[in-house]
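These notes are about the structure you will find just below.
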Amino acid sequence: MLKVKAGSLDHMGLLFERHYQSLFSFIYRMTTDRENSEDMVQNVFLRMIKYRHTYKGEGEFKTWMYHLARNVMNDYFKAKTRKIEVPAEPYDITSDEKEDQVRLLEIALNKLSEEQREILILSRYQELAYSEIARILEISEANVRVRIHRAIAQLKTIYLKLSE
């Protein structure tokens, strides 16, 4: 990114190749909307170019990248009312047990608040360290631990309720 900041925009392609999948995964898990997630990932990379002067190179690139991604998603949510479709009835496990449990977990994850869902996705799916999450969310590591603990407890409650 430092080379891109210095004006070598050719290196943006390499950053795109390295980080597209993880960014898409993060945004898709937050929005559950494939088409708009792809658009948002493109917007993140456009913002990387537009705001390359703000990248200091002091912290990890991923922290800066996820910070931009959060801003893109916030803009998206402000512009559009977000609705997640979840079944009104308790979930019925009928086909392959493991596949159904994963789908049920995804439904439970989508019932969490946006804040809780985001912190779990960053820690469990994107596998970011608590210190990185703290920098992205601009909170302390202790606060990250507390929020993750609470989000997991809430996820468990929702999951068990859905599986009744």
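Rounded to the nearest 10 square angstrom, S25 shows an accessible area of 30 square angstrom against a 1.4 Å probe. Accessible area per residue (1.4 Å probe, heavy atoms of protein chains only) ranks R18, R29, R145 as R18, R145, R29, with the largest value leading.
Excluding same-chain neighbours fewer than eight residues apart, the aspartates and glutamates reachable from K50 by a Cα-Cα span under 15 Å are D10.
Can you match semi-axes √(5λ) of the Cα gyration tensor in Å to one of these, [x] 32, 18, 13; [y] 28, 18, 13; [z] 28, 23, 17, based on a calculation from the structure here? Correct label is [x].
Listed by chain and number, the lysines whose alpha-carbon sits under 29 Å from that of K111, ignoring those within fewer than 8 places in the same chain, are K62, K78, K80, K83, K98, K156, K161. Count the net charge of all other residues whose Cβ sits under 14 Å from the Cβ of E127, scoring Lys and Arg as +1 and Asp and Glu as -1. Counting the neighbours of E127, the net charge comes to +1.
Roughly what angle does helix 97-111 make with the longest principal axis of the chain, taking Cα atoms, 0 to 90 degrees, to the nearest 10? Tilt relative to the chain: about 70 degrees. Between K156 and H67, the contour length at 0.36 nm per residue exceeds the Cα-Cα span by 29.3 nm. Against the chain, whose longest principal axis comes from its Cα atoms, helix 12-31 is set at around 30 degrees. Over the residues of the chain, the helix contribution to mean residue ellipticity at 222 nm works out to -22000 deg cm²/dmol, using -39500 (n - 2.57) for each DSSP H run of at least 4.
The values are calculated or read from the model by the stated rules, or taken from the named source; none is laboratory data. None of these values were measured; they are calculated from a predicted model. All Cβ positions, glycine included, derive from the backbone under ideal geometry; neighbour counts span all protein chains shown. The protein model used for the area step is the full one, side chains on, heavy atoms only, and it has no ligands, DNA or RNA in it. Shrake-Rupley method; radii C 1.70, N 1.55, O 1.52, S 1.80 Å.
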